[in-house]
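Q: Before I ask anything, let me first share the structure, which is written out below as structure tokens.
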Amino acid sequence: MNPPPEITLTVVRLLVASAVALILHEAAHVIAATALGVRVKRIGISWRGPFIVREAGAPKVNIWIALAGPVMNLLLAALFWNAVPPFAHINLILGSSNLIPMEGSDGLRVWTASRQLRTSTTDGIHPNLGERNRGSSHAISRESGALGRQADPSFSTLLCGESGTENRQC
């Protein structure tokens with residue numbers, strides 16, 4: 001037995017609204033990275049959803065880029081709250097859940113970059129440039145949550161198997 005057409009239409013609308021919310025979320029990361037001078041290398045879709053691969057930035061830059069997606073969703077939730085409540089609810093859930101510091105979330109990237117920033121005065125990282133005077137640094141290269149170590153901290157490099165970095169599966 002087939003579901004009533006109203007239910008099918010509702011499900012299709014929710015799927016489309018979710019796709020639009022995810023695309024705008026990732027677009028905000030791309031726009032922020034570009035505006036802050038961080039090169040975006042690849043945009044794609046995996047089984048976990050859309051993602052971007054970008055060069056690593058300084059901790060402050062990484063914070064702004066990571067916050068761009070959830071902030072976009074929260075702004076969309078506020079803007080569409082009365083006009084299109086289901087779209088607003090999807091954006092509210094996506095934006096707020098992405099701020100929780102858990103595996104693969106923007107919240108974890110903000111947390112990680114904030115910790116790097118807080119320790120920058122004690123371990124040789126310049127807080128604005130992200131360069132270290134000794135050791136190696138953690139860098140965030142993929143907005144879907146991949147963390148890794150830069151092989152040469154003097155260069156902004158990708159961590160997804162690009163030359164000069166660890167060969168990581170992203």
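The values are calculated or read from the model by the stated rules, or taken from the named source; none is laboratory data. Only a predicted model underlies this, so the values are computations on that prediction, with no experimental measurement involved. Backbone-built Cβ (ideal geometry, glycine too); neighbour counts: all protein chains shown.
Q: Could you grab me the full set of residues in segment 49-77 that are closer than 20 Å to Gly104 by Cβ and over 13 Å from the mean Cα position of the chain (by Cα)?
A: Pro59, Leu74
Results for (1) surrounded by fewer than 20 Cβ atoms within 10 Å (Cβ to Cβ); (2) free of Cβ contacts under 8 Å to residues at least 40 places away in the same chain; (3) basic (Lys, Arg); (4) out of contact with any strand residue (DSSP E or B) (no Cβ under 6 Å at 6 or more places or on another chain), shown as yes or no for each residue.
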{"position": "Glu6", "(1), (2), (3), (4)": "yes, yes, no, yes"}
{"position": "Leu15", "(1), (2), (3), (4)": "yes, yes, no, yes"}
{"position": "Ser18", "(1), (2), (3), (4)": "yes, no, no, yes"}
{"position": "Lys41", "(1), (2), (3), (4)": "yes, no, yes, no"}
{"position": "Arg48", "(1), (2), (3), (4)": "yes, no, yes, yes"}
{"position": "Ala68", "(1), (2), (3), (4)": "no, no, no, yes"}
{"position": "Leu74", "(1), (2), (3), (4)": "yes, yes, no, yes"}
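Q: Moving to a separate point now. Being assigned to a helix (DSSP H, G or I), crowded, with 18+ Cβ neighbours inside 10 Å and β-branched (Val, Ile, Thr) narrows it down to one of Val61, Val53, so name that one. Spell out how you get there, then give the answer.
A: Values: Val53 fails: assigned to a helix (DSSP H, G or I).
Answer to the selection: Val61.
Q: Follow-up. Restricting attention to segment 94-128, report how many residues are modelled with pLDDT under 95, surrounded by 13 or more Cβ atoms within 10 Å (Cβ to Cβ), over 17 Å from Ala56 (Cβ atoms) and polar (S, T, N, Q).
A: Selection size over segment 94-128: 1.
Q: Are any residues in segment 35-75 in contact with a Leu (Cβ under 7 Å, 6 or more places away or on another chain) and charged (D, E, K, R), and if so, which ones?
A: Result: Lys41, Glu55, Lys60.
Q: Going by what's in this entry, would Asn82 be described as modelled with pLDDT of 95 or more, of a type outside the set (A, V, I, L, M, F, W, C) and under 16 Å from Val20 (Cα atoms)?
A: On the way: modelled with pLDDT of 95 or more: yes; of a type outside the set (A, V, I, L, M, F, W, C): yes; under 16 Å from Val20 (Cα atoms): no.
No.
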